[in-house]
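All remarks here apply to the structure that follows.
The values are calculated or read from the model by the stated rules, or taken from the named source; none is laboratory data. No experiment lies behind these values; they were computed from the predicted model shown. Note that we place each Cβ from the backbone using ideal geometry, even for glycine, and neighbour counts take in every protein chain shown.
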Protein chains: 2
Amino acid sequence: MTMPERLPTFDDVLQAMKRIAGVVHHTPVMTSRLLNEISGAELFFKCENFQRVGAFKFRGASNAVMSLPQSQLQKGVATHSSGNHAAALALAAQLRGTSAYIVMPETSPAVKVAAVRDYGARITFCKPTLKAREETLQQVVEKTGAVFIHPYNNPDVIAGQGTAALELLEQVGELDVVLAPVGGGGLMSGTAITVRAMRPSTLPIGAEPANADDAYRSLKAGRIIPPENPNTIADGLRTALGPLTFAILSEKLERIFTVKEETIVRAMRLIWERMKIIVEPSAAVPFAAVLENRPFFEGKRVGIILSGGNVDLEKLPWST
Amino acid sequence: MTMPERLPTFDDVLQAMKRIAGVVHHTPVMTSRLLNEISGAELFFKCENFQRVGAFKFRGASNAVMSLPQSQLQKGVATHSSGNHAAALALAAQLRGTSAYIVMPETSPAVKVAAVRDYGARITFCKPTLKAREETLQQVVEKTGAVFIHPYNNPDVIAGQGTAALELLEQVGELDVVLAPVGGGGLMSGTAITVRAMRPSTLPIGAEPANADDAYRSLKAGRIIPPENPNTIADGLRTALGPLTFAILSEKLERIFTVKEETIVRAMRLIWERMKIIVEPSAAVPFAAVLENRPFFEGKRVGIILSGGNVDLEKLPWST
C-alpha cells in the first residue's frame, strides 16, 4: 500500500457526483420523533442501507470504475474483500461491461459469495489470512492485468463515498454535526472533505467501537496503529486506516467517539424497532455515540450516515 | 355490532385527509428493482410501517377521534384490542387531550401493554376470550361514558384508512391494481372506496392468508362467515368482516387472492432482505399474492399497501 500522489478534494466529490448520479440511488433522509425524544437531539438519518448492494460502498466502487480510462477498464478490476466492497465492485464492473475479479476467503458466508457471483464477478478463494488475500490478489492481477481497486485507500473511492454527505447536506438545512462510522476510513474521509468544504460551521465527527478503536488511537498518536484482535459486532469496522485516509482524517476530522458493544446493539435495535428499517451493526455505531454522549449532542441538529443494511437475519445480536 | 345508517364515501375519505393531515405521517412510496425482477411486475410500496405507532391503524383511529363532537370527546374513547388499533387509539386520544380506555386480554405481550400505556391510555385486563373482551368493554363504557371506537366496523375509521390509498394514488402515476391485506376489512374497504372513485380503471384487490380465508369465503357466499380457528402467522388478519366492511367489499372489491403460509414468510423475508425495511407478517400478504400469481400480475403496475411494521424481533418466522 503506497501513498498516492494527491489527496482527493471537494472538487473530486463534485465530479464523482456527476459521474455516478445515473447509477447510484439518491437515498432518502429519514427522521424519527421517537429517537429524537430518546436522544434529546434532532437526528437526520441518511439511509445508505437503501443504496444499491445495501451499502454506501457502491458509491466509491462505481466512481473508481467509471474514472478508469477505457484502456485500463478493458482488463477488468480486482479486489480482495468478503464484504460490501466486493459486491459493490462486482456490480459497478457489471454495469460498465467489464470483469470483476474478487479474492474471497474460503470461509466467507455462502450468502455473500452468492451475492458477488450474482453480479457476474469471478471469484478466487484463498486462506482466511490477510497475507493469503494479498498474495492471491497479486497473482490474479498479474495474470489478468486487472486494476486493483482498494476498498478505501484510493482517492476515487473516497471521492465517491463523499457523495453521501453531499446529498445529505443538500437534503437538510443547517447541521451542527455530521457523524459517520470509521473502519478503514473511506466513508469518514469523503464525509469530512465534503462537510468542511460545504459547511464550515458543521463538524465532521467519527464513531468507532471501543473494541476496535485503532483510528481513535492512530489519530491521537499521529501514526497508523493497526487494530489488535478487534472483537466487535460491527464487523465492517475492524479494518485499519490506510495512509491516505489517515492523512485526510488527521487534517479534517474534528474528533472520534468510541462506543461500547452493548450500546451498539441497543442503538441497532432502537433503529429497527422505532424506525422500522434494517441497518447492520456498523451503521448503528454513530447513533450509539449520540446515546453515550448526551451532553455533547443535546439540542444539536445531527446528520448520521447509516452506512449499510446487510445483516444475517438468522443471527441477530439480541437473539438468545 | 349493528349496521350503521350509512356507508362511508370517497367524500368522507377526502374529509378525513383534511382532518388528519396535521397528525399522520405522509408516508413514502418505495420501489425495488430487485423485487420487480423477482415478481415480473412494477411494484409501488406504500410504507405504512413508517406510520405513527407503526401501522395504518393510526389513520382511522385519529379520524374517528377527531370526528367526535366536543361533548362526546370529553368522556374519552374506548376499545378492546391487543394490537395496533389499541396503540393507535391511545395516541389519537392523547393528541386530542382526552382519555383512552383499552380492554386488553391478560395474555397480551408485555411490550404491547407498555406501548399502550406509554401513550397514556387506561388499561383494563380481561380473560382472553372474545366474550370477556366484549363484556369488559361494555362495563367500561357504562362506567365512563366513553365512546366505543370499533377497529374497523366504523365509517370514520374506514374513511381514515382510505387516506393511505389516496396518498398512494397521488404519489405515483397510473396503476393497474392496488393491493391491501384483508383482516376485519377496514383498510381494504377504505382502499376500495378510494381507488374506485379516483381511478375507475384501477382494480382494488385483496389478499388474505388461505388459513384465514373468511373474507374470501364470505364474499363468495354472500354472507359473513366467521373464521374458524384461523392458524396464520399474519396475526393481524385473523378477524372476521363486520356488517359494514362486508357491505362495502361486496360492492367495491374486485377479488381476493388467498396465499399460503410459506409464501407469506418468503415475501416478508424478501422485503426485509432486499428493501431493508421491517414489515409485519400481515403486511407481506399482498406481496405474497403477487409471488403466487405471476401470470396475473406480470407486466402490471401494482400498488401495495404495507400495512405495518410491528413485529417481535425476538421471534422471527425464519428463526430456527
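Details
- Per-region count, region B:85-104, residues over 20 Å from the mean Cα position of the chain (by Cα) and either under 21 Å from A:Arg274 (Cβ atoms) or at pLDDT below 95 (or both): 2
- Selection over region A:169-191 of residues that are in contact (Cβ under 8 Å) with a residue 40 or more places away in the chain, of a type outside the set (Ser, Thr, Tyr) and in a helix (DSSP H, G or I) gives a count of 6.
- Counting residues in region A:267-288 that are within 12 Å of another protein chain (Cβ to nearest Cβ), in a loop (DSSP other than H, G, I, E, B), on the phi > 0 side of the Ramachandran plot and touching a Gly at 6+ places or on another chain (Cβ under 7 Å) gives one or more.
- The residue list B:Val24, B:Val111 contains one member that is out of contact with any strand residue (DSSP E or B) (no Cβ under 8 Å at 6 or more places or on another chain), hydrophobic (A, V, I, L, M, F, W, C) and under 30 Å from B:Phe297 (Cβ atoms), which is B:Val24.
- Every condition in (1) touching a residue at least 40 places away in the same chain (Cβ under 8 Å); (2) closer than 16 Å to B:Val157 by Cβ holds for B:Glu42 except the one numbered (2).
- Under the condition of being in contact with a helix residue (DSSP H, G or I) (Cβ under 9 Å, 6 or more places away or on another chain), among the charged types (D, E, K, R), touching a residue at least 40 places away in the same chain (Cβ under 8 Å) and not in a helix (DSSP H, G or I), the residues counted in region A:192-235 number 1.
- Note on region A:55-84: residues that are within 20 Å of A:Leu130 (Cβ to Cβ) and at pLDDT below 95 total 5.
- For region B:58-83, the candidate set comprises residues that are within 18 Å of B:Ala159 (Cβ to Cβ) and in contact with a strand residue (DSSP E or B) (Cβ under 9 Å, 6 or more places away or on another chain); within that set, the residue that is surrounded by the most Cβ atoms within 10 Å (Cβ to Cβ) is B:Ala61.
- Candidate set from region B:93-149 (those that are among the small types (Gly, Ala, Ser) and part of a loop (DSSP other than H, G, I, E, B)); member that is nearest to B:Asn229 (Cα to Cα): B:Ser108
- Candidates in region B:124-167 are the residues that are hydroxyl-bearing (Ser, Thr, Tyr) and at pLDDT 95 or above; of these, the one that is farthest from B:Phe44 (Cα to Cα) is B:Thr144.
- Residue selected from region B:289-303 under the condition over 17 Å from B:Met268 (Cβ atoms) and surrounded by 23 or more Cβ atoms within 10 Å (Cβ to Cβ), by the criterion farthest from the other protein chains (Cβ to nearest Cβ): B:Phe297
- Selection from region B:6-59 of residues that are within 14 Å of another protein chain (Cβ to nearest Cβ), on the phi < 0 side of the Ramachandran plot and aliphatic (A, V, I, L, M): B:Val23, B:Val24, B:Val29, B:Met30, B:Leu34, B:Leu35, B:Ile38, B:Ala55
- Residue in region A:97-104 that is of a type in the set (Phe, Trp, Tyr) and crowded, with 24+ Cβ neighbours inside 10 Å present: yes
- Test: residue in region A:304-316 that is modelled with pLDDT of 95 or more and more than 14 Å from chain B (Cβ to nearest Cβ): yes
- All of A:Glu170, A:Glu174 fail the test of being modelled with pLDDT of 95 or more and either buried (at least 24 other Cβ atoms within 10 Å of the Cβ) or in contact with a Lys or Arg (Cβ under 9 Å, 6 or more places away or on another chain) (or both), apart from A:Glu174.
- Residue tally, condition hydrophobic (A, V, I, L, M, F, W, C), more than 14 Å from chain B (Cβ to nearest Cβ) and surrounded by fewer than 24 Cβ atoms within 10 Å (Cβ to Cβ), over region A:254-266: 2
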